[in-house]
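Working notes, beginning with the structure itself.
The values are calculated or read from the model by the stated rules, or taken from the named source; none is laboratory data. Everything numeric in this text was worked out from a predicted model, so none of it was measured. With ideal geometry, Cβ positions are generated from the backbone for all residues, glycine too; neighbour counts draw on all protein chains shown. Quick note on the areas: whole protein, heavy atoms, side chains included, nothing else; ligands and nucleic acids left out. Shrake-Rupley method; radii C 1.70, N 1.55, O 1.52, S 1.80 Å.
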Amino acid sequence: MDIIVVLDFGGQYTHLINRRIRDLGVYSEILPYDVDIEKLKKKNPKAIILSGGPGSVYEKNSPQLKNEFFEFTTRNKIPVLGICYGHHLIMHLLGGKIEPKEAKEYGRTNLIIIEPDLIFDSLGKEEIVWMSHGDQITEIVKGFKAYAKTETCPVAAYGNQEKLLYGFQFHPEVSNTPNGNKILENFLYKIASCKKEWKLEGWIDRTVEEIRKEIGPNNRVILGLSGGVDSSVTAVLLQKAIGDRLHCIFVNNGVLRKNEEKEVQETFKKKLKFKNFHYVDAEDLFLKRLAEVEDPEEKRRIIGHTFIGVFENKTIELEKAHPDIKYLAQGTIYPDRVETSATSKVSAKIKSHHNLTLPDDMKLKIIEPLRDLYKDEVRKIGLKLGLPEYIINRHPFPGPGLAVRIVGPIDKDKLMILRSADEILIEEIRNAGIYDQIWQAFCVFLPLKTVGIMGDYRTYEYICSIRIVESTDAMTANFTKLDWDLLERIGTRIANEVKGINRVVYDISNKPPSTIEYE
Ligand code: XMP
């Protein structure tokens, strides 16, 4: 299968470039900019894209390419496309001149094409493109031609047909460049002669085969199933590959949503006919350890450790009955393991406290069938594999569950109150038909009592905060500007129907500075 390599120079759009290439039908992977040429050779790329980046090419210590890079690509006739920083870098390394520009060019810009080339095939003479740069090329190297300009940028695109080197000052990968996909398609299919082979149907068959080969005819696999999208898709994929030799462990940690443990069992045991679905009810243990714990980090730590202990014990018990359990499957996806500057600093930190690493001494081999996929690809695969839509399109739910949605110490009463309020919220959001447009909608329990009135009686009860946010990746989020009538209906229902709540507030904080969850 043809493969494109995107070299990451630290730009915020590296994953987006990679996604676009796959959406256009060619498999694509991200590698660090300083990857060994030997490793690059092994990938046998059909073309290479150099991403943008925050630096300036003329600065000391700015990321550069390996010395042998151009020799390797020219000798093997591998087209290279530089975007933004990559655009400057090609020119800089081959002897051109890059200089800072007085005023930064930012936003939608008119691109004027001055030299026809296959890369702009079937485009207009002028195109709207997205620009974001402070440096620009002021001197072009022999053998290169300026292909396009903007009002203030004389070399907004260039090419060297003989050496198959191309550069764009603008970003074809963002949706603000309306014909960006067409330009990338020209690069993939007309310049790099890629074949359109990256299809998810083929992926399922191929992966099932690979899993069978790796696991062999007798070995068994353990999987921690949370009911979230990634672990659920991993489960159905493995079941397809090895049937009942898959053992799923679902732990009730006492901080699940209302009826969640029943729904997950119903789905996997009854609907999807999982034979080795092991339900572990550890509610009492978790709640006992969490009793009176106030500090958010301490709550997370206790839940994480307790989960590992419970999971390990169940695994040991299963291993006694089935000594051929040799693998531990995980629902790791591509952005979890390939760090780019946009994901590394923030998401590495988030991941470290969200996702649990199981101890090494479990001596099981790890298998991660979704390791090369993005979330929306995982969702498509899940649907194709017959997982119900309500699992696929579920809002994210944190590992430490409702414990991070009850401020301060948790107990059964507070959990019951929160579950009832949350059920009403989700029901109303679904009835209004907006569940799928929202990143997350949930209730939070605030341990603060205020006065209210119910009939002739004064009440003194807790506050429920409603949190509804829009986001694309949870790094930033905006509160949803919900319809007032809907908000009123939700508030009224919660205050009237949930015993223990007499006041409902709507959270109007964005992230940053607030986080999505409360703890
Ligand atoms: P914050 O609260 O950091 O949340 O803005 C960002 C996203 O991550 C989810 N989240 C978690 N997910 N384990 C998870 O699997 C966790 O411990 C965890 N904490 C937060 C949160 O729901 C939001 O989507």
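Between the helical axis of 375-384 and the longest alpha-carbon principal axis of the chain there is an angle of about 70 degrees. Beta-bridge orientation, the chain: approximately 50 percent antiparallel, per DSSP, counting only bridges with both partners inside. If the Kirkwood radius is taken over C-alpha pairs of segment 133-183, then at 4 °C and 1.567 mPa s the Stokes-Einstein diffusion coefficient equals 109 µm²/s. Calculation over all alpha carbon pairs of segment 1-135 in 10 angstrom steps from 0 returns a P(r) of 11, 38, 38, 12, 0 percent.
For segment 203-392, taking the reciprocal of the average inverse distance between every pair of different Cα atoms yields a Kirkwood hydrodynamic radius of 17.5 Å.
The tail of the calculated P(r) for the chain, taken as Cα-Cα distances beyond 37 Å, holds 42 percent of the pairs.
Short to long, the 5 Å bins of the Cα pair-distance histogram for segment 120-209 hold 3, 11, 19, 20, 17, 11, 6, 6, 4, 2, 1 percent of all pairs.
Packing order of peptides 122-128, 493-499, highest average first: 493-499, 122-128 (average count of other Cβ atoms within 10 Å over each peptide's residues).
Surface composition of segment 384-519: carbon plus sulfur atoms contribute 53% of the solvent-accessible area (1.4 Å probe, protein chains only, all chains present). What pairs in LYS42/LYS363; LYS213/LYS365; LYS275/LYS326; LYS77/LYS196 have C-alpha atoms more than 24 Å from each other? Distance filter (> 24 Å) returns LYS42/LYS363.
Taking the C-alpha atoms only, the angle from helix 412-431 to the longest principal axis of the chain is near 50 degrees.
Looking at segment 406-506, how many pairs of lysines come closer than 16 Å at the Cα, when each pair is eight or more places apart or spans two chains?
So the count of such lysine pairs works out to 4.
Of the accessible area of segment 253-300, with the probe set at 1.4 angstrom, what percent is carbon plus sulfur?
Working: 1310 of 2780 Å².
The value for segment 253-300 is 47 percent carbon and sulfur by accessible area.
Would you mind giving the average projected area, over all directions, of the Cα convex hull of segment 176-225 in nm² with one decimal?
If you wrap the Cα atoms of segment 176-225 in a convex hull and average its projections, you get 6.7 nm².
Does segment 446-490 come out rounded, prolate or oblate by the C-alpha gyration tensor, with a ≥ b ≥ c the root eigenvalues, rounded set by a/c under 1.5 and, if not, prolate when a/b is larger than b/c and oblate if not? Verdict is oblate for segment 446-490. Mean separation of Cα pairs under 8 Å and 6 or more residues apart, divided by the residue count, gives the chain a relative contact order of 11 percent. With the largest listed first and rounded to whole Å, the semi-axes of the equivalent ellipsoid of segment 76-135 from the Cα gyration tensor are 21, 20, 10. A 1.4 Å probe over all protein chains sorts SER62, SER175 by accessible area into SER175, SER62, starting with the largest. Across segment 406-506, the volume of the C-alpha convex hull divided among the residues equals 106 Å³ per residue. Across segment 366-429, Cα-Cα pairs farther apart than 15 Å form 67% of the total.
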